[in-house]
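Chemist: One structure is given below, represented as structure tokens, and several questions about it will come after.
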Amino acid sequence: MSTIQLVGISRNPFYAGVMTSDTTHTKERLLAAAKEEFAAHGIAGARVDRIAELAGVNKERIYGYFGNKQKLFDAVVGRALDELAEAVPLKGGDDPAEYVGRVYDFHRDNPVLVRLFFWEGLHYRDGVLPNEERRRGHYEEKIAALAESFGTEASPQVAACLLSLIGLAAWPNAVPQLARLIIGTDTGALDLRSHVVAFARQALSGTTAASPAVAAATPAA
């Protein structure tokens, strides 16, 4: 087939739609394969050829679609964070303790994504993250929602509360070996999720606009 014929096909709406669909499916396969590879090996240990093989495509497609391994990693982590934001929203007036339970569930049910977050932290350390401003915006919305639940204004104190709640919910599943060492394998009647939610509820039981946790966030009369 000549170049002219190929150009003509690409301009045909039907064939253009088919080509776009094929590109989308290929990218999805690459992102799914990359998620598993990066979660298992991190960005330094991940191999582009293994990702391509798992996705069933030529590895040159990775460079064509994403540019390089670093950008592919960033795309995978960005999607994981979007998945977290969508799966575990926090809105003004929500029960913060129930939010802790939902965060716990997400980390328990998505160990691959949890490992990706750890690899990102190890890779970037204190460096600027990709799309950091956009990602910070997601958490600023959560801080504002939590402040509304507390009956106060967003502040560094409310932000610290959010960080503490997320840490409380995420840590048991982020480092399961630590949970095993401390609690053991024979937990009996212990329901760790219920314990975490109850602990959060108790910790927040006195949290109002006048409580120590958020007192500094409340404007003086």
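The values are calculated or read from the model by the stated rules, or taken from the named source; none is laboratory data. Note that the structure is a prediction, hence the values are computed from the model and not measured. Quick reminder, even Gly has a Cβ in these numbers, built from the backbone with ideal geometry, and neighbours come from all protein chains shown. Just so you know, the surface numbers come from the protein's heavy atoms only, side chains and all, with ligands and any DNA or RNA stripped out. Shrake-Rupley method; radii C 1.70, N 1.55, O 1.52, S 1.80 Å.
Chemist: Please go through the range 52-75 and give me each residue that is in contact with an Asp or Glu (Cβ under 9 Å, 6 or more places away or on another chain) and either of a type in the set (Lys, Arg) or open to solvent by 60 Å² or more (accessible area, probe 1.4 Å) (or both), ordered by number.
Modeler: Matches in the range 52-75: LEU54, LYS59.
Chemist: Contact list please: Cβ distance under 7 Å, first residue in the range 149-166 and closer than 13 Å to LYS91 by Cα, second residue assigned to a helix (DSSP H, G or I) and among the polar types (S, T, N, Q), pairs at least six apart or on different chains.
Modeler: none
Chemist: Can I ask one more? Might you let me know whether the range 124-147 holds any residue that is among the acidic types (Asp, Glu), open to solvent by less than 60 Å² (accessible area, probe 1.4 Å) and modelled with pLDDT under 90?
Modeler: The answer is yes, given that some residue of the range 124-147 is among the acidic types (Asp, Glu), open to solvent by less than 60 Å² (accessible area, probe 1.4 Å) and modelled with pLDDT under 90.
Chemist: In the range 179-202, which residue that is open to solvent by 70 Å² or more (accessible area, probe 1.4 Å) and of a type in the set (A, V, I, L, M) is modelled with the lowest pLDDT?
Modeler: Filtering first and then ranking leaves ALA189.
Chemist: Output the residue which, of all residues in the range 79-98 that are of a type in the set (A, V, I, L, M) and in a helix (DSSP H, G or I), is farthest from the chain's Cα centre (by Cα). Explain how you work it out, then say what you get.
Modeler: Quick first cut of the range 79-98, residues of a type in the set (A, V, I, L, M) only: 80-81, 84-85, 87-88, 90, 97.
After this cut, where a residue has to be in a helix (DSSP H, G or I) as well, the list is 80-81, 84-85, 87, 97.
Values: ALA80: 4, LEU81: 3, LEU84: 4, ALA85: 7, ALA87: 9, ALA97: 20 Å.
The qualifying residue farthest from the chain's Cα centre (by Cα) is ALA97.
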